[in-house]
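The values are calculated or read from the model by the stated rules, or taken from the named source; none is laboratory data. Bear in mind the structure is a predicted one, so any value in this text is a computation, not a measurement. Glycine also receives a Cβ, built like all others from the backbone with ideal geometry; neighbour counts cover every protein chain displayed. When the accessible area is computed, the model is the full protein with side chains, heavy atoms only, and any ligands, DNA or RNA have been set aside. Shrake-Rupley method; radii C 1.70, N 1.55, O 1.52, S 1.80 Å.
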Amino acid sequence: QVQLVQSGAEVKKPGASVKVSCRASGYTFINHDINWFRQASGRGLEWLGWMNSNTGNADYAQKFQGRITMTRDTSISTAYLELNSLTSEDTAVYYCGRGSGSNGRDWFVPWGQGTLVTVSS
Amino acid sequence: DIVMTQSPDSLAVSLGERATINCKSSQTISHSSDNKNYLAWYQQKPGQPPKLLIYWASTRESGVPDRFTGSGSGTDFTLTINNLQAEDVAVYYCHQYHSTPDTFGQGTKLEIK
């Protein structure tokens, strides 16, 4: 079945970087975009950006411009999210989601299981 | 950015009854080119990722029970859950994919009365 499996929880110090992986299975990886989201504890969903899994081109939410990078390794069907200059405000569960729909990134199904990133000194 | 506002923030409904969740966008999320409404609904249970329920405002995702119905157009949308079951306890989010950045409503927490 179509599945996205994310890497495990991370604890980082303020100012550090984190890289989260999202491994796809059950479909042709390059045929669907990967989007990234985050959700702080007890809060709603925030879209971080998306990446064309075929070309590697990415587009990021403006508030993260300059400190976010989305990449992929097509040989292992895995997408990556890297976030730099972490602060406590970045503490959240990070999700990847496979884009679907007429342009390949309308709605998201399925989602990865989530990766908790904790930023603490 | 398009702001999505859900109402209510929480509601409690008896088993077997109907739950209604509203979602309002700050501008139209319907494209004149195809007359489609660029709205999806997700269900999120505690400790789980969101699960897609509805897209194009009213198209049910495969495998989603038909007691879940999406409706609305333009700026006003509704998710209706008929014959509420215990497993429907969750937080529900609307999501617009009309314009980048994608945005979500703040969520509506559904509980059993």
- Counting only protein heavy atoms with a 1.4 Å probe and every protein chain in place, the carbon and sulfur fraction of the accessible surface of the protein assembly as shown in whole percent equals 44 percent
- Listed residues B:Thr75, B:Ser58, B:Ser14: farthest to the positive end of the dipole of chain B (Cβ charges): B:Ser14
- Grab the alpha carbons of the protein assembly as shown, take their convex hull, and tell me the volume per residue in Å³. 121 Å³
- Item | Karplus-derived HN-Hα couplings along segment B:68-84 (A = 6.51, B = -1.76, C = 1.60, θ = phi - 60°), whole Hz, x at Gly and Pro | 9, 9, x, 8, x, 6, x, 10, 10, 9, 9, 10, 10, 10, 8, 6, 3
- Note on the structure: Of B:Ser30, B:Ser62, B:Ser14, the most mobile residue in a GNM of chain B (C-alpha springs, cutoff 10 Å) is B:Ser62
- Item | Amide proton proximity set for B:Gln85, modelled H, under 5 Å, gap of 5+ | B:Gly16
- Task: Return the distance in nm (one decimal) between the two label points of a simple spin-label model at B:Lys113 and B:Asn22, each offset 7 Å from Cα along Cα→Cβ.
- Result: 1.8 nm
- Item | Surface accessible to a 1.4 Å probe, per residue, for the residues of segment B:34-89, Å² | 44 Å²
- Taking a point 7 angstrom from the Cα of A:Gln62 along the C-beta vector, which residues in segment B:1-23 have backbone N less than 15 Å away? B:1-3
- Item | Neighbouring partner chain Cβ atoms per residue of A:89-97, average, 10 Å criterion | 1
- Convert each backbone phi in segment B:29-40 into a coupling constant with the Karplus relation 6.51 cos²θ - 1.76 cosθ + 1.60 (shift: θ = phi - 60°), then list the ³J(HN,Hα) values in order as whole Hz, x for Gly and Pro. 10, 10, 8, 5, 5, 10, 6, 9, 9, 8, 9, 10
- Task: Could you pull the accessible area for B:Glu87 with a 1.4 Å probe, rounded to 10 Å²?
- Result: 100 Å²
- Listed pairs B:Lys51/B:Lys113; B:Lys36/B:Lys113; A:Lys13/A:Lys63 exceeding 29 Å between Cα atoms: B:Lys36/B:Lys113
- Note on the structure: Sorted by chain and number, the residues with a modelled amide H under 5 Å from that of B:Tyr97, at a separation of 5 or more or across chains, are B:Leu39, B:Ala40
- Message: So, R0 is 30 Å and r is the distance between the beta-carbons of B:Glu87 and A:Ala16; what FRET efficiency does that work out to, to 0.05?
- Response: 0.15
- Message: Spelling out what I want: for every residue of segment A:46-62, take phi, set θ = phi - 60°, compute 6.51 cos²θ - 1.76 cosθ + 1.60 (Karplus), and round to whole Hz; glycine and proline get x.
- Response: 10, 7, 9, x, 9, 9, 6, 5, 7, 8, x, 5, 9, 9, 10, 4, 4
- With Rg from the Cα atoms and Rh as the Kirkwood inverse mean 1/r over Cα pairs, chain A has an Rg/Rh of 0.95
- Message: Placing one identical point scatterer on every Cα of segment B:32-113 and ignoring solvent, what is log10 I(q)/I(0) from the Debye formula at q = 0.19, 0.22, 0.27 Å⁻¹?
- Response: -0.83, -1.09, -1.52
